[in-house]
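A short reminder: the numbers here are calculations on the coordinates, not readings from a lab. Keep in mind it's a predicted model, so treat the numbers as computed, not measured. Virtual Cβ from ideal backbone geometry, glycine too; neighbours counted across all protein chains shown.
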Amino acid sequence: MTAPTTIHHGLRHEVDPPLLAAPDREIRVLGRVPEGASDAETEHHLQLAATEVRRRAIQTVGAAKAGHLGGEFSITDTLVTLYLDVMNISPEQVDAGDPERDRLILSKGHAANALYTALAVGGYLHPEALRTFLQSESMLNGHPARNKIAAVEANTGPLGHGLPIAVGTAIAAVLDGSARRTFVLLGDGELQEGSNWEAFMTAGHRRLSNLTAVIDRNRLQQGARVADTNDLEPLADKLVAFGWEVREVDGNDIAALRPALRAPGSDRPVAIIAHTDKGFPVSYMRDNVAWHHKVPTAEQVGIALAELDGILGRLEAKESNS
Amino acid sequence: MTAQTFDCRNAWAEAVAEAARADERVVVVVNDSVGSSKLNAFVDEFPERSINVGIAEQNMVGVGAGLANGGKIPFVSAAGCFLSARAMEQIKADVAYSEHNVKLIAQSPGVAYGDLGPTHHSIEDFAWMRTIPGLTVVAPVDPVETAQVIAWAAGHEGPAYIRVSRMAVPAVYPEGYQFVPGRAVTLREGTAATIIATGTTVSRALAAADLLAADGGEVRVLAMPTIKPLDEAAVVAAAAETGGIVTVEEALVTGLGGAVAEVLAEQHPAPLRRIGFRDEFAVTGTAEWLLDRVGASPEGIAATVRELA
């Protein structure tokens with residue numbers, strides 16, 4: 001694999017795919033939360049980052065005419081909280097291949113665009129790379145690949161693969177006597193795949209307290225409600241029965257999500273049931289099953305950007321008042 | 001006099017323990033298959049580095065990929081039938097496509113489980129595994145080569161699928177033999193025809209060559225331990241220098257035979273017969289008997305070679 005260059009920062013190979021139309025403005029590369037930031041400052045930084053990710057990600061899908069916005073917007077808050085704050089990871093560690101880095105495995109790999117955009121806002125990926133999403137020879141597949149993007153840990157896409165891999169990275173850390181942590185981000189519909197339950201059992205049996213699974217509980221799968229398709233409930237009871245500590249939080253509220261992600265398990269793996277809305281917070285998209293992989297029209301992109309800019313405006317006003 | 005025969009699982013178990021002693025990154029991952037993988041001594045010696053996920057093959061291969069991500073060198077060992085079929089998507093996505101350094105050890109593959117029936121056969125594995133980019137596919141021929149392949153795999157950065165058979169096989173290679181991945185081994189020179197065999201069928205091919213020599217024809221015998229990447233040059237040379245090729249494998253003929261056919265069709269058309277399993281589920285029988293039944297006995301192989309002439 002070739003070393004990342006400045007222009008191609010974060011990519012495994014130098015390629016020159018066609019570029020999608022530029023966004024209305026460049027994203028702000030906010031980077032990780034500065035050392036010593038207060039809780040309030042940290043949450044503010046992460047809220048700005050999440051909004052940056054969403055306003056860029058929808059423009060990518062609008063330009064590429066493909067993507068999975070609904071389930072990307074439901075996990076955006078988790079992605080930025082992990083990459084910009086909670087995880088022991090940095091662009092430098094990724095570039096150096098630091099074996100002691102924390103791992104995040106995006107099991108719901110179809111949310112790749114949110115991952116790429118969060119990596120760009122966090123400084124792990126050159127923002128220009130976002131303009132190559134899905135384009136011929138791009139390193140930005142519709143599903144993430146570790147041999148294409150430096151910060152990606154596993155090539156996911158088929159559902160039910162991430163949790164077993166995460167169990168493996170967590171066992172490796174135990175064998176090394178290392179405190180490094182593994183996070184894995186799963187869809188709720190994805191839990192219909194039996195391989196997850198094999199891995200839940202193994203992690204519980206081995207009491208892998210260094211493993212945290214975030215379940216994006218947006219209640220919708222591709223074509224219908226999870227509850228109407230193959231219901232998961234009582235989900236928390238099932239996970240407890242498999243030997244996991246369960247934390248239920250509002251997964252679109254960074255102030256609630258952050259402490260749940262920060263504290264590792266005491267003597268067992270942690271499952272965070274992150275109650276989210278698909279499409280959050282865009283009015284016409286939120287909790288709407290149509291937005292699994294629907295492509296927004298130019299007008300719909302405009303409406304979403306106006307709503308997101310409203311949030312940015314309020315965040316910035318808060319900043320100038322503080 | 002009958003030659004001494006070996007269960008290659010013993011060579012595997014000793015070799016992986018040796019690799020673990022030499023490199024602390026080496027771990028094994030199993031699906032309740034400690035005994036059938038002959039790993040009891042390994043588990044006693046390296047309890048922490050023996051990861052038994054229970055009867056859960058998808059999880060097993062995914063855990064192996066994660067261990068590799070975490071810097072380990074996992075040998076994922078399970079019955080070939082379950083490893084190859086049950087966890088195929090994990091082998092494709094988590095191991096090969098993700099370029100995770102996982103060694104997949106297919107125990108008792110092919111028809112080694114004989115009369116347990118087709119559910120426990122993995123005759124499809126050569127054909128399936130050779131379609132996966134970046135995956136090296138090896139079927140060692142005897143205990144010496146089994147140990148060498150395991151040692152090679154421990155030091156090689158990249159995924160591999162390796163068969164380890166319980167079927168009794170004699171020692172085949174001469175003193176001083178050294179496995180080289182991707183290379184065929186000429187065990188007997190000849191020009192009348194070439195028999196290309198792999199794994200458990202190599203000793204049968206050599207016995208067939210003895211029968212044919214009694215007829216007055218010297219055939220070339222190539223051992224092809226590496227199914228992928230295939231030694232294409234050796235296949236083309238056999239096509240150019242001998243009267244035709246017969247492949248013999250304990251697998252569907254779309255495995256080694258398919259790979260050889262592709263090389264011949266594209267590079268050097270020549271007469272070819274493929275011995276192995278065809279498009280049916282095997283009837284009940286022992287492994288040896290099933291191999292004989294599809295024409296992989298020394299007499300059967302010799303008869304097929306004579307057809308070429």
Cα pair count fraction exceeding 19 Å, expressed as % - the stretch B:178-309 | 42 percent
Between A:Ala298 and B:Arg293, with labels modelled 7 Å along Cα→Cβ, what's the label distance in nm to one decimal, could you check?
-> 6.9 nm
Which ³J(HN,Hα) values, rounded to whole Hz and listed in residue order, are derived for the stretch A:89-104 from phi using the Karplus coefficients 6.51, -1.76 and 1.60 in 6.51 cos²θ - 1.76 cosθ + 1.60 with θ = phi - 60°, glycine and proline given as x?
-> 7, 8, x, 5, 5, 5, 4, 7, x, 4, x, 8, 5, 5, 10, 10
With -39,500 (n - 2.57) per DSSP H segment of 4 or more residues and division by the full residue count of the protein assembly as shown, the 222 nm estimate, nearest 500 deg cm²/dmol, is -11000 deg cm²/dmol
Just how far, in whole angstrom, is the stretch B:91-154 from the stretch B:200-269 if you go by their alpha carbon centroids?
-> 20 Å
Ranked highest first by the average count of other Cβ atoms within 10 Å around their residues, in what order do A:152-165, B:215-228, A:51-64 fall?
-> A:152-165, A:51-64, B:215-228
According to a simple spin-label model (label point 7 Å from Cα along Cα-to-Cβ), what is the distance in nm between A:Glu248 and B:Ala22?
-> 5.4 nm
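Determine the alpha carbon to alpha carbon distance for each of A:Lys148/A:Lys318; A:Lys65/A:Lys318; A:Lys294/B:Lys103; A:Lys148/B:Lys228; A:Lys65/A:Lys108; A:Lys65/B:Lys103 and list only those over 30 Å.
A:Lys148/A:Lys318; A:Lys65/A:Lys318; A:Lys294/B:Lys103; A:Lys65/B:Lys103, as the Cα separations exceed 30 Å there.
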Measuring from label point to label point, each 7 Å out along Cα→Cβ, what is the A:Ser320 to A:Ser178 span in nm?
-> 4.6 nm
How high is the FRET efficiency from B:Thr119 to B:Ala41, r the C-beta distance, R0 30 Å, rounded to 0.05?
-> 0.55
Which order do B:Met129, B:Met88 fall in if you start with the one that has the fewest other Cβ atoms within 10 Å?
-> B:Met88, B:Met129
Amide H proximity to A:Leu104 below 5 Å, modelled H, separation 5+ or other chain, gives A:Phe183
Could you tell me which of rounded, prolate or oblate describes the protein assembly as shown, using a ≥ b ≥ c as the square roots of the eigenvalues of the alpha-carbon gyration tensor, with rounded for a/c under 1.5 and, failing that, prolate when a/b is larger than b/c and oblate otherwise?
-> prolate
